[in-house]
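First up is the structure itself, then whatever we jot down about it.
Laboratory data are not the source of any read-out in this text; all were calculated from the coordinates shown. What you are looking at is a predicted structure, and each value in this text was computed from that prediction instead of being measured. For neighbour counting, all protein chains shown are included, and Cβ atoms are generated from backbone atoms with ideal geometry for every residue, glycine included.
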Amino acid sequence: MQTLEYEFIAHPRILYGDCSLEEIPAELAENDACKPLVIASREAVRRKLGKTLIRAFYDSGCIIGGIYDEVRDYAGISLALNAAQLFRKRGCDAFIALGDRAAADIARAANILVSHKTDTLLPFFNGETPSRRLMPFIFVPTCCTGASAAGRTLFIDNRRLHSDYYFPDVVVTDRRMSLPCSARCAAESAILAMDNALWSIIDDNQSPMKNAFAHAALKLIGDNLSGFLKRPRDGKRALPIANAGVLASIAAANARPGIVRVLGEELEKETSIPAAVFIANLTPAALFCIQKNESPLPGDLLLAAAGMDAYAAVPTEQLGRRGAEAIIEMFESAANEIPEAAISRIPAHLLAEACNNAASREMVNFGADDAMAVLEMARQEMPWQTHDNGERK
Amino acid sequence: MKKEIIGTSNKVLEVDLAARRFWVSEIPVGDRELYLGGKGMGLKLLFDRLKPGIDPLGKDNILVLTMGVLMGTGAPCSGRFEAVTKSPLTGIMVTGSCGGPFGMALKTSGWDAMVIHGKADEPVFVCVDSGGATFADAAGIWGTGTAAAQDTLLAHGSGAMVIGQAGENLVRYANIRSGSRFLGRGGIGTVMGSKNLKGIVAKGREYKIRPADKKRFDRANKRFLAHINNNPVTAGSWRSYGTNANIRISNAAGILPVRNFTAGSHGQAVKISGETMAEKFDTRHDVCKPCAILCGHRGTIRGEKRHIPEYETVTLLGSNLGIFDPEIISDFNELCAEYGMDTISTGGTIAWAMEAAEKGLIESDLRFGSDEGIAETITDIAFRRGQGAMLADGSRMASKTYGGEDFAMHVKGMELPGYDPRGAFGQGLSYATANRGGCHLSAYMVGVEAMFGMADPHALRWKPYMVKFMEDIFSAVNSLHICLFTAFAVFLEPPLIRFTPTFIIRHLNQNFSLLALNLMDASLWPELWHAVVGKRYIPYLGMRGFYKAGERAHVLERYMNIREGIAKKDDTLPRRLLDEGRTCDHEAKTVPLDSMLKTYYRLRGYDENGIPREKTLEKLGIGKQTK
Amino acid sequence: MTMPAYYDFCSRVKTISGENAMEKIPGLLKGLGVRRPMIVTDRGVEAAGLIDTVTEAIDGGLDIGAIYADIPVDSDYRVVDDGAAVYQNNRCDAIIAVGGGSVIDTAKGINILASLGGKSLLGCQGAGTIRRKLNPLAVLPTTSGTGSEMTLVAVIADTERQEKMLFVSHFLLPDLAVLDPRLTRTLPDFLTSQTAMDALAHACESYYCMEKNPVSDALALRAISLISEHLLPAVRNPAETSARLALANASAMAGAAFSNSMVGLVHNLGHVVGAVCHVPHGTCMSILLPYGLEYNTHRREKAIGEILFSLAGPEIYAKTPEKARPDKAVEQIRMLNEDLHNITGGKHPRFLGEIRNKDGTPAVPRSALPEIARKTMADGARLPNPEEILPEDALMVLEHAWAGIHLDRSRIRKGA
C-alpha cells in the first residue's frame, strides 16, 4: 500500500522537439519579457549554438540583450557577478541559460543578484530564501548537463542551495541544441538521468507524481538507450534521452538524493574524478547492497525499464530482483564508454572521508556505513585494472 | 682526531617513535648510483617503505631526511639537506630542501639519512649522535615557537630542526625550522606535528667527510667557485639584494602576482624590491653554511635584527595581498617563522580568503590592500581558531567547502609561488607538472623566459622540452645535494654561453631547442659528485648519467604520486590562469596548457593520461628493489 | 511509447498530499510571502463544516483576512468582482480556495482581478492580459474529479452577454494544491463515484488523445490504477481515508495529464449533453467513457490496450491476448459502472436513458440527441480526438450510449 504523504512540484514548462527553440520568444512574451541575457557554456560557444539561438529569434519581436560566454566548467560567484553586471548594463529582463549545468547555475545565481538588487549571495548561503518574483529563466540544455540542471538546486561555489524558485521556468529540448558532444558525454548523460530516475523511484517518499516523472524518464531511456549509445548524435534517439534527463531531474528534485549520487559527488570532491564515473561504476554495487539487505526494490523499476509486457510476465516476488537486473544491464551498457573508477586506487582515508561527508549531507537517509558498504561491494566487483597497488617487486 | 668518512657513510638511522627505538640500515650500493643522494635517495627510501594510500597525518606516514653527497666536503653551497614525506596539504609526495645547520650536524654524526616511523604517544624530541637516537620528553617545549624550541634543543647538539605551534596544531602547511632556514612547503612540519615530534637535534662534528678523490674534487671545486664568483646573478644581484632582486625583474616582465593573481605588475612594486630593502634596512649577509652565493640577508627592521623576507614571501604576503610596505611584510614573515608556517601557502590562502570575502563567499573583514586583520588571521591559522581553522587546511580545501575554486591559486593543493605564468607560459607548464604541486623549483622556467630573455615567454614551441630538461637537472641538483641557485653559475658561466649574445641563444633555444639544450654544459655538478664518491668521471657520459639520475628521481616521484591517484586531471592550473586574461596584458593571455602538456607527456614517456608507461619505468629501473 | 515530434508540458502546481496536508499550508504560504490570505468557498462547503476544519488546521500560522463564501452554483463575473472587492478591502495577499470546480474557477478569477488591479473582470479580458505572476493561490479541492487544481484555465460566465469568458495562462495554475482526505469526507457516495469517473475519463482520454506525451502518459496510467484500485472501497466506505486520499491524488494527476494532452470524444459529447440537458458533468463522463475507447480503438489500439494494464492489473493484462485488450478495457469500465450503480443504489446511472431529473423524468430524452450531436461541432474537445467526429458520428455514439449497448464497430467511419 502506497502512503500518499508527500510534497511535489514540477515547475518547469517542458518544451520538446522540432521548432521548440522558436517557441522561446513566445514564452518570454508570456512572461512579459523581451530582452533576455543568454548565458552560454564553452561547449555551446564552440558549437556556435548562440548563433542558432539568435536565428530562432529572427521572426519575433524579442532581441537578445547579450551573450555572456565566459562560463567554463566551474560555476563560481565571480562569473555570476559579471553576468549580473552585464544584465543590468544591457537592461535585460530574462535569462536564457544555454549549455550545461554551470551555465544554468550561473544564470540562477545572476538571477538572484539582479532580482534582489544585491551584489552578494552571502545571505542566501546563510539560509535566506529567494523571492518569488525572480526574472524569467529559460534553460536550453545542450550537453554535459550533469542531469540536475532542471532541478531546484543552485550549485554554486561548491554550495548547494535549494528552493522551488531555482527551477527553470521553461526547459527547451531541441534537436539543434541537445545532442551530446561525444560518446563519453552521451553515456554520462544517460547514466546520470538513469541515476536520478532510479533513486527517485527507490526513495521512501512514494509520491505517485514523482514516480510518474521518473517512470517516464526511465521508460524513454529504456526504449532508446541501445540505439543512442551506438549513434549518440542521431536525434531520433538522443532527443528522447535528453528529454528523459529533464524529466528525471524533476523527479529527483522531489526525492532524496540517492546514495550513489551523493557518494559520487563527494568522491569527485576528494579526487577530482568526475562524479559520473563513480555513479556508472557504483550503481550495480549499490543495488546489490539493497538486495543483500533484503529491502524490497519497487516493482516499478521493472515496469519502467522493461515495459508492461515484461512486467506482467514476472511473478510478484521476483519483480524487485528482475527490475534491478534490468537496470544494471542498462547501466553496464552505458558504462562501457566510461573509464573504470578504480576504487582501490583511492586512498582509504579519502574514501572514509567521502563516506562521512556523504552521510552528513542534507536530506540523505543513509549512514557512512552504508556508503562504505557500497564501496566495499564495488571494490569486490571491480578487479584491479590498470595498475597494481604499488607492490611491484 | 675526528673519525673520517670517505665519500658517503651510507648509513640510515631509522627511528620508530611509537616504540621509541631505532635501528640502522644501509643504503643499497646500487641505489647510490641510481639516485645519487638528497632528494633522489629520499624518494627511494620512502618508496621502499611507504604504503600507498595511507593518511598523511596518520601513524603510517614516514618522514625521510637525507643528506647530500657533497655535504661536509666543503663544496660551496652544499650545506643543504632534503626532507621527503607524504604531504598533508596535497596528499602526494612532498620534497623539501633546506640550508639549515641540522643537515650538517646529522651528516657529521655519521648518518646519510634518517627515517622517522610511527607516532609518539606524547610530545617528544629526538637527539641523534653517532651512536643512534635517544628520545626525550618534549612536554616542556610543546606549544612554544620555533625560536625558543630550537634554542632548547641546541643544548643537545650543533644542529636542530623544530616545528612551531602551526605544526603542533596540524596546520596543513606548517614547516620546519633549522637555524633561520626553513623546510618550507607542503606541510612537512605538519607531519612532524602529527607524529608528536617537536624536533630533532643532532650532535654533529663527530666525523670529518673526505672526498674519495680529493685532488679532482679540489680542481672542480675551484672552477665551481670561480664560476659562482663571476656570475652576475650569484655574485652580483643576489649577493647584494637576495632573491628580492627578482621583484623589479618580475614587475617589468609582468609576472609579479598582484591581488591574488589578477594583475602582473604594480606601480608600487619598487617599494618592496631588494634594492629598496637593502638600503632601507641596512642589510648584511646571513646565509646557509657553507655558501658562496650569500643570498640570505638580515637587516634592522622596526629596530630589531630580522631576516629579510625572501622573494616568495614578499610577493605572496605582499604584492599578492596588495601590500607594498616591506616592514609590514616583515612582520608577517616573523609571525610565520615563529609559528612555523609556509609563507607562500599562508599568503596564497589569505589571498583566497580576501577575494572570497570580497565576493561574499565568506564573512571576513580581510580586504586587498589593507593589512588590517592579517596578522590576527595568521595567528588564528596557527592555532586553528575561528575562521583560521578553515584557512589552516589551505586554499584547496577551503575552496572545496566555501567555493571560489576558480580563484584558489593552487596546483594539486599547493599554493602557487610568486610568478604569474600568464607572463611565462613555460612556467605554467612547469607548475602543472611539478611533482609536489604549485612549485617553482621543479623547473625555473621564468629564469629562461622572463629574466634572461633566453626564450620567448609566450611561445609554446620547445617549452615542453625545456621544462623536462630543467626538471631533470633540478631534480639531479637536489639529489647532489647542492643549492639550486648554483645553476645560474654552472649554466651561464661556461664560455659557450657566456660569450654568445643573448639574442642568438634565444633564437637557438626557440628554434633548435634540442641542440641548444644539449650544448648546455652542466658537467661541474656530476664531476663533483664523482669525485666525492670516487668514481671515474667520463666527461659527456657522466653528464648524461647525471641527467638520467634526475629524470629517474622525477619519474619515481611521479610514479609514487600516481599510486596516490594523481593523473592528467590533476596536472592543471587554477582556472584563473587558464580562463581569465589580465588587463595588464596588451592582449588578454591565458596559459595554453593542454597543447604543451601533450608533448610533455610524450617526452616523459607517460601515457595520454599522464601515467608513466611500463617501458619508461623499466628503462629507468624504477620499482626494482636494488640490494 | 511513441515519442511525439513535439510536445510541451506544464504543471507547475506544488502538490501537498497526506492526511495532515492542511497543516502544512501556513508554512508553505509563508514561504510564498503570504501573511493575510482570503478563503474563498461556497455555502455548501461552509455548511458541511469544512471551512472550520480548514481554519482549524491552519490556525495560528496565518492571519485569515476574510472568508468569502458567497459563491453561487452558477457563478459569474459579478461574483468575481465582489470577491475581489472583499479581498482588497481586507488587504489580503493570497487566496485559499476551498471547493469544487466552480469555486476554484471563481477564485482564479478573483486572483486575476486582485493581482492586476481594477474594478471588474470585464477589464481583464483579452489574450495576453496576464503576463506576470499573480498573487499566491492555494486550492483545496473538495471533490476528486475536476482536476481544476491542476489546470491553467478559468471559465467565468458573463450572464448578460450569454457567453463564457475564458482565461488561459500559466499564471492561472495555482501555487498550491492541497490533497487532504478531510476535504472530501462529506461527499455523498454517488458524487464520489461520479467525480472519480470524471477523473478516470480525464486520464483515459489523455492517454489516447492527439497531444499525448510521455509525461501525461505516465501520470494518466498512475491515475487510472489509483482509481481502479480505490474507487469501490471509497464509495462503499466513505470513512476510508486512504482510499479517498488516493482518489484525490488520481484526480490531480489526471488533471495534470489532460490539461497537457487535451481530451476527445468523451468530453466533446459530455460537455454538450451537460449543457443541453443540465446533467452533471461526472455522470456524462462515466456513461460516455467506454464509447470513447471503443470509438478510437482502431486508431489507438496499443494505447487503449495499455489502459487495461492500469485498469485491471498485470495479471489480467497478461492473460488477455494483445488483440483483445482494448475490448477488455472497455468491459472493465462497464463493469465498474455496473458495480457503482449497484453500490449507490442506482444513483450512479449506466446509460443516458437512465438519468433522471429530481422529479423523476428522463433528463436526456432521446429526442434531444440530434440537437446535442449538432452542437458538438462547436466544442473544443472535438479536435484532439484521434478519429474525426462529425455530427452523424456523434449521433451514432449518443444513440448507443442512450440505450446502453456496445458500440457497433462497423458503424465507425474510419477516416484516412
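Values as computed for the structure displayed
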quantity	calculated
C-alpha center-to-center spacing [region C:339-353, region B:480-534] in angstrom	103 Å
Relative contact order, percent, region A:248-311 [alpha-carbon distance under 8 Å, six or more residues apart]	19 percent
Average Cα contact separation per residue, chain C, under 8 Å, 6 or more apart, as relative contact order %	14 percent
Residues with amide H under 5 Å from that of C:Ile355, placed H, sequence gap 5 or more	C:Ala363, C:Val364
Separation of alpha-carbon centers, region A:1-53 and region C:43-90, rounded to whole Å	37 Å
For B:358-365, mean number of other protein chain Cβ atoms within 10 Å	5
Sorted by Cβ density within 10 Å, fewest first, the residues A:Cys143, B:Cys291	B:Cys291, A:Cys143
Inter-label distance for C:Thr186 and B:Asn609, nm, one decimal - labels placed 7 Å from Cα along Cα-to-Cβ	6.9 nm
Peptide B:121-129 - average C-beta neighbours from other chains (10 Å radius)	0
In sequence order, calculated HN-Hα J values of region C:18-26 (Karplus, 6.51, -1.76, 1.60; Hz; x Gly/Pro)	x, 6, 10, 4, 5, 5, 7, 4, x
Relative contact order %, region C:14-183, counting alpha carbon pairs below 8 Å whose residues are six or more apart	27 percent
Additional length obtainable on full extension of the chain from A:Glu376 to A:Glu362, 0.36 nm per residue less Cα span	2.7 nm
Charged-residue dipole, Cβ positions (Lys, Arg, Asp, Glu), the protein assembly as shown about Cα centre, Debye nearest 20	5920 debye
Among B:Asn196, B:Gly167, B:Tyr241 - extreme Cα towards positive end, dipole of region B:167-282, charges at beta-carbon	B:Asn196
5 angstrom amide H check on C:Val40, placed H, neighbours 5+ away	C:Tyr68, C:Ile96, C:Ala97, C:Val98
Total charge dipole magnitude, chain B, about the Cα centre, Cβ charges on Lys, Arg, Asp, Glu only, Debye to nearest 20	2420 debye
Ranking of A:Asp32, B:Asp571 by count of other Cβ atoms within 10 Å, fewest first	A:Asp32, B:Asp571
Cα centroid of region C:215-245 to Cα centroid of region B:116-170, whole Å	76 Å
Estimated translational D of chain A in µm²/s (Stokes, Kirkwood radius over Cα pairs; 20 °C; 1.002 mPa s)	100 µm²/s
FRET E, pair B:Leu541, A:Asn336, Förster distance 35 Å, beta-carbon r, rounded to 0.05	0.10
Computed [θ] at 222 nm, helices only, for chain C once each DSSP H run of length n ≥ 4 contributes -39500 (n - 2.57)	-15000 deg cm²/dmol
20 Å cut-off, amide nitrogen to a point 7 angstrom out along C:Ala5 Cα→Cβ, residues in region A:7-22	A:15-22
Within region B:288-321: backbone nitrogen closer than 11 Å to the B:Ala252 label point (7 Å, Cα to C-beta)	none
Top positive-direction residue, dipole computed over the protein assembly as shown with Cβ charges, set C:Pro290, A:Asn336, A:Ala147	A:Asn336
Distance (nanometres) between label positions extended 7 Å along Cα→Cβ at A:Thr118 and B:Arg302	3.8 nm
Amide hydrogen neighbours beyond the local backbone of A:Thr173, cut-off 5 Å, H modeled	A:Leu15, A:Tyr16, A:Gly17
Residue (of B:Leu541, B:Val591, B:Leu528) at the positive-pole extreme of region B:421-620, dipole from beta-carbon charges	B:Leu541
Point-charge dipole on Cβ atoms (K/R +1, D/E -1) for region C:14-183, about Cα centre, debye to 20	720 debye
Chain B: calculated mean residue ellipticity at 222 nm from DSSP helix runs of at least 4, using -39500 (n - 2.57)	-11500 deg cm²/dmol
Estimated FRET transfer efficiency when R0 is 25 angstrom, pair B:Arg602-B:Ala459 (beta carbons, to 0.05)	0.85
C-alpha long axis of helix C:325-343 to longest principal axis of chain C, angle in °	60 degrees
Among A:263-273, B:129-139, A:156-166, A:35-45, the order from most to least packed when residues are scored by Cβ within 10 Å on average	A:35-45, A:263-273, A:156-166, B:129-139
Exposure proxy order (Cβ contacts within 10 Å, fewest to most) of B:Trp111, B:Trp462, B:Trp352	B:Trp462, B:Trp111, B:Trp352
Label-point gap, in nm, between C:Arg411 and A:Thr3 - each point 7 angstrom along Cα→Cβ	5.2 nm
Per-residue mean of C-beta atoms belonging to partner chains within 10 Å, peptide B:305-315	0
Potential extension, B:Asp121-B:Asp60 segment - 0.36 nm per residue separation minus Cα distance	20.6 nm
For region B:327-339, 3J(HN,Hα) per residue [Karplus equation, 6.51 cos²θ - 1.76 cosθ + 1.60, θ = phi - 60°, Hz, x = Gly/Pro]	5, 5, 4, 4, 4, 4, 4, 4, 4, 4, 5, 5, 7
Computed E for C:Leu166/C:Arg131 - FRET, C-beta separation, R0 25 angstrom, nearest 0.05	0.90
